[in-house]
Amino acid sequence: MYSLDVNFLSDRPDYRPPDQGSSPKKRQRSAAAMTPLYIGIGVGLLLPALVGGLWFVLQQQIAQKEQQETELNAQLQRLQIEEQKIARLNEQIEQVNAETQALATVFNQIKPWSAMLQDIRERVPPGIQIGTVTQTEEVPKNQPAAASPPPQSQANNAKAKNAQAAQAQAQAASTPRPTMKLEIQGTARSFDDVGYFLVTLKRSPFFKGDETQLVKAQLVENRTKLEVPKTQTQGQRVTYTLPKVVEYTISTSISDTPASELLRELDRKGAVGLVTRIRTLQEIQQQKGATQP
């Protein structure tokens, strides 16, 4: 029932059958030998993946930067357009300011004849009669020569125009203006009346007190003749000789005080138009000063 199979070859020392399988130690040695290969393969696969990932990220960042650059360029163009608009507005504002200042300067130099004559009329005492009022202009000597205009290319520039206007205003301010003189001639009942009239003119804000002086005062025959009929039936007339009168001449100069400092006097003397213009310009300048930082 049972068979016995005995192999005596396996007991021989010079005979070893082939291994049917690997031992655990051999498998461990073979796996350890393959580990550098696996590592090399992993590194070889990992490096291209990292490079590809970095390249993809860089491409995304480059696209984002290009989009940001495009947006910034568009925004820069809009800002440049706005800057040009602001520059043009500033030029217009400077031009308006220069014109306003020029108008204010012109109005400040105006002394209305109506206001001055009204002031003289109010200062005339009862014994004074005014015959003529003559205005003369005295040009100051050694006036500086006018500055030559800038080249055409520079004059077309708005900034150059503003600078030229400012220079012209400064030169006009530093250049002495012609002196306006008045000569008042008339008659008075006495020398005291002439002296009183002279004193009152010296106190006028429209004239220079130190340049108001009596040029001539002399006693002359009265040119006015008084004739009355002697009787109602006869045509003869009786002529009466009137007392002598003092013929005088007073010379004065118009004050350099700006009209903006004489607004109350100008308003009292009836120069309403000039007062309104000066006050309007003052309000405009105050508004501009309040809006500027």
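The values are calculated or read from the model by the stated rules, or taken from the named source; none is laboratory data. Since the model is a prediction, treat every value here as computed from it, not as a measurement. Reconstructed Cβ throughout: ideal geometry from the backbone, glycine too, with neighbour counts over all protein chains shown.
Quick notes on this structure:
- For the range 111-119, the criterion of being closer than 30 Å to residue 222 by Cβ, of a type in the set (D, E, K, R), without any contact (Cβ under 8 Å) to a residue 24 or more places away in the chain and in contact with a strand residue (DSSP E or B) (Cβ under 9 Å, 6 or more places away or on another chain) is met by none of the residues.
- Residues that are within 25 Å of residue 258 (Cα to Cα) and assigned to a helix (DSSP H, G or I) do occur in the range 123-139.
- Selection of first residues in the range 269-280 that are closer than 10 Å to residue 112 by Cα and of second residues that are part of a loop (DSSP other than H, G, I, E, B), restricted to Cβ pairs under 8 Å at least 6 apart or on distinct chains, gives the following pairs, ordered by first then second residue: 269/112; 271/112; 274/110; 274/112.
- Conditions (1) assigned to a helix (DSSP H, G or I); (2) modelled with pLDDT of 75 or more; (3) within 27 Å of residue 267 (Cα to Cα): number failed by residue 96: (3)
- Count of the range 242-271 residues which are assigned to a helix (DSSP H, G or I), surrounded by 19 or more Cβ atoms within 10 Å (Cβ to Cβ) and at pLDDT 80 or above: 1
So that you can scan it fast, the table gives a plain yes or no per residue for (1) among the charged types (D, E, K, R); (2) modelled with pLDDT of 75 or more; (3) in contact with a strand residue (DSSP E or B) (Cβ under 7 Å, 6 or more places away or on another chain):
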site	(1), (2), (3)
148	no, no, no
174	no, no, no
180	no, yes, yes
198	no, yes, yes
210	yes, yes, no
221	yes, yes, no
230	yes, no, yes
233	no, no, no
